[in-house]
1. Shape call for the range 63-154 from the C-alpha gyration tensor, a ≥ b ≥ c root eigenvalues: rounded (a/c under 1.5), prolate (a/b greater than b/c) or oblate?
2. For the range 80-102 and the range 109-149, write down the distance between their C-alpha centroids in whole Å.
3. Residues with amide H under 5 Å of GLY53's amide H, sequence separation 5 or more or different chain, H placed in the peptide plane at 1.01 Å from N; which?
4. Rank these by accessible area, largest first, 1.4 Å probe: LEU94, LEU147.
5. Subtracting the Cα-Cα distance from 0.36 nm times the residue separation, let me have the gained length for GLN131 to VAL57 in nm, one decimal.
6. Select from GLY151, LEU135, GLY101 the residue farthest towards the positive end of the dipole of the range 37-166; place +1 on Cβ of Lys and Arg, -1 on Cβ of Asp and Glu, and compute about the Cα centre.
7. Are there GluC sites (Glu not before Pro) in the range 69-166 that DSSP puts in a loop and that have at most 16 other Cβ atoms within 10 Å, and which ones?
8. Once you place label points 7 Å from the Cα toward the Cβ at GLN39 and ASP70, how far apart are they in nm?
Amino acid sequence: MLRTALSGLALLALTGCIGAPAGSPISPPSVAGLTPDAQGLQPNGTELRIDFGRAQVGVIETVSRILRDDPSGITTNSECGAGAVTAASWSNGLTLNFLDGDFDGWTVDEPGLPVSGRLQVGGALPNRPLQSTSLGTEFDQNGIFGLSLDGQSIEILWSGVTCFFR
């Protein structure tokens, strides 16, 4: 029992390496899940963060642990404008994008995963300026971008590096 408790404390200390703000209490997430935002990912139930710029291996391992699921696929597209982008995708519609081994962006393309700013795939477009592009109707809400094909509901949300062709 002591060994289990010490292992748990060691894991908790290591979890603090994913980006605890200075002076913040370190506590494990109370609810599985996370919220994508304009700076990266906010795990639920903690002040710890997974910000853009973190190493691919650690981010994929941490997100898999939080979501209690491994990625359904990891692919690399060498034809992206930013350079070769490696994308790790989960079954809930979350895809994390990595450039040169660093976490640099995310997309969400399935309903059910809330995004910062009360945005959600399938939800109504926010009351923001909309722009008609070759992809569809796009918006920017404080660094989180969205796309609608029908001009009514959100089809995809993203922040950071993506591999969209315009």
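1. On the way: a/c = 2.17, a/b = 1.39, b/c = 1.56.
Verdict is oblate for the range 63-154.
2. First find each Cα centre; the distance between them is then 19 Å.
3. Sorted by chain and number, the residues that satisfy this are PHE103, ASP104.
4. On the way: LEU94 0, LEU147 20 Å².
Highest to lowest solvent-accessible surface, that is LEU147, LEU94.
5. On the way: separation 74, 0.36 × 74 = 26.64 nm, distance 3.58 nm.
Computed gain between GLN131 and VAL57 is 23.1 nm.
6. Projecting each Cα onto the dipole axis, the largest value belongs to GLY151.
7. Working: sites: GLU79, GLU138, GLU155; in loops: GLU79, GLU155.
Qualifying residues, ordered by number: GLU79, GLU155.
8. 3.2 nm
The values are calculated or read from the model by the stated rules, or taken from the named source; none is laboratory data. On a predicted model such as this, the values are computed, not experimentally measured, just so you know. In this analysis, Cβ positions are derived from the backbone assuming ideal geometry, glycine residues included, and neighbour counts consider all displayed protein chains. Protein only, heavy atoms only, side chains kept; ligands, DNA and RNA dropped before computing areas. Shrake-Rupley method; radii C 1.70, N 1.55, O 1.52, S 1.80 Å.
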